[in-house]
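What follows is a set of notes on a single structure, which appears directly below.
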Amino acid sequence: MGDRFNTAAGWALFAGIIALGGAIVSSKFFHEERPEKMGYAIEGVEAEGAGGAAAGPGLNTLLASADVAAGEKVFAKCAACHTVNQGGANGIGPNLYATVGEGIGQGKGGFAFSEALKGKGGNWTFESLDHWLTSPREFAPGTKMTFAGLGNPADRANLIAWLNKQGSNLPLPAADAAPAAAGDNAAPAEGANAASNAAEAPAAH
């Protein structure tokens with residue numbers, strides 16, 4: 001009985017040694033390392049945020065072709081809080097007459113601007129108004145303005161152009177120059193090369 005037990009124990013021990021050795025050897029051949037970059041690249045699909053959305057016309061271009069009448073319609077969204085007539089009373093928001101070009105967070109008949117807006121500094125330029133109308137909270141974190149903003153660039157430009165007509169009348173910027181197309185430069189270059197080749201060619205006799 002004892003011999004059988006010893007034999008069985010020996011075989012079990014031997015099998016364990018063989019299994020352990022096999023695991024060690026296989027680990028040498030099948031060693032896995034974490035890849036530097038996880039996942040698989042799919043051709044034709046850009047990473048989220050890469051490249052961004054296609055850029056539309058710039059603010060200057062939009063202002064140069066702004067529709068003032070359309071801007072007045074956009075202002076209807078603001079009329080619940082703001083007046084815009086000369087000498088008009090402040091409401092929930094300040095009177096906006098002659099705002100374009102005015103100091104940010106100043107004047108307006110003693111309107112109680114937030115510290116965030118009073119501390120912004122500078123003037124209400126076309127650019128700063130565009131930023132403000134896009135997202136007041138981003139322009140001046142801590143502002144009391146609860147309006148979420150205008151997401152449409154054309155609406156913002158139309159509104160700014162209309163506001164400019166309400167007592168400011170600053171000259172609107174010229175439209176941005178259109179980028180030169182690649183083909184516009186190719187033709188002159190090809191013509192210059194042809195002329196150069198003709199000059200170098202020997203004259204026929």
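The values are calculated or read from the model by the stated rules, or taken from the named source; none is laboratory data. Owing to the predicted nature of the structure, the values given are computational and were not obtained by experimental measurement. Methodologically, a virtual Cβ is constructed for each residue, glycine included, from the backbone with ideal geometry; neighbour enumeration extends over all protein chains shown. Surface accessibility is based on the protein's heavy atoms, side chains included, excluding ligands, DNA and RNA. Shrake-Rupley method; radii C 1.70, N 1.55, O 1.52, S 1.80 Å.
Going from most exposed to least, what order do 104, 18 have by accessible area with a 1.4 Å probe?
Numbers: 104 5, 18 100 Å².
Putting 104, 18 in descending order of accessible area: 18, 104.
For residue 123, what residues show an amide H to amide H distance below 5 Å, using hydrogens built from the backbone and excluding near sequence neighbours?
Distant-sequence amide H within range of residue 123: 104.
Given a 1.4 Å probe and the protein chains all in place, what does the accessible area of residue 150 round to, in Å² to the nearest 10?
Taking all protein chains as shown, residue 150 has close to 10 Å².
At a 1.4 Å probe radius, carbon and sulfur cover how many percent of the accessible area of the range 135-175? Intermediate results must be reported in sequence, preceding the final value.
Numbers: 1130 of 2100 Å².
Solvent-exposed carbon and sulfur of the range 135-175 make up 54 percent of the total.
So what are the ³J(HN,Hα) numbers for the range 69-80, from phi and the Karplus equation (6.51, -1.76, 1.60; θ = phi - 60°), rounded to whole Hz, Gly and Pro as x?
4, 5, x, 5, 5, 5, 4, 4, 6, 9, 5, 5
Report the net charge of residues surrounding residue 114, where surrounding means a beta-carbon distance below 15 angstrom and charges are Lys +1, Arg +1, Asp -1, Glu -1.
Numbers: positive: 108, 118, 120, 137, 144; negative: 115, 138.
Combined, the nearby Lys, Arg, Asp and Glu give +3.
Leaving ligands, DNA and RNA out of it, work out the accessible area of residue 74 with a 1.4 Å probe and give it in Å² to the nearest 10.
Answer for residue 74: close to 10 Å² accessible.
Considering amide H positions built from the backbone, and no H for Pro or chain starts, which residues 5 or more places from residue 114, or on another chain, come under 5 Å of its amide H?
The answer is 144.
Filter the trypsin sites (Lys or Arg not before Pro) in the range 115-162 down to the DSSP loop ones having no more than 14 other Cβ atoms within 10 Å, then list what survives. Could you put the intermediate results ahead of the total?
Details: sites: 118, 120, 137, 144, 156; in loops: 120, 144.
Here the trypsin sites (Lys or Arg not before Pro) that fit, given the DSSP loop and packing criteria, are 144.
Across the range 89-96, in residue order, what do the Karplus-derived ³J(HN,Hα) couplings come to in whole Hz, using 6.51 cos²θ - 1.76 cosθ + 1.60 with θ = phi - 60° and x for Gly and Pro?
In residue order, the calculated couplings are 6, 6, x, 4, x, x, 5, 9 Hz.
Would you mind calculating the gained length between residue 172 and residue 102 on full extension (0.36 nm times residue separation, minus the Cα-Cα distance), in nm to one decimal?
On the way: separation 70, 0.36 × 70 = 25.20 nm, distance 1.55 nm.
23.6 nm is the gain from fully extending residue 172 to residue 102.
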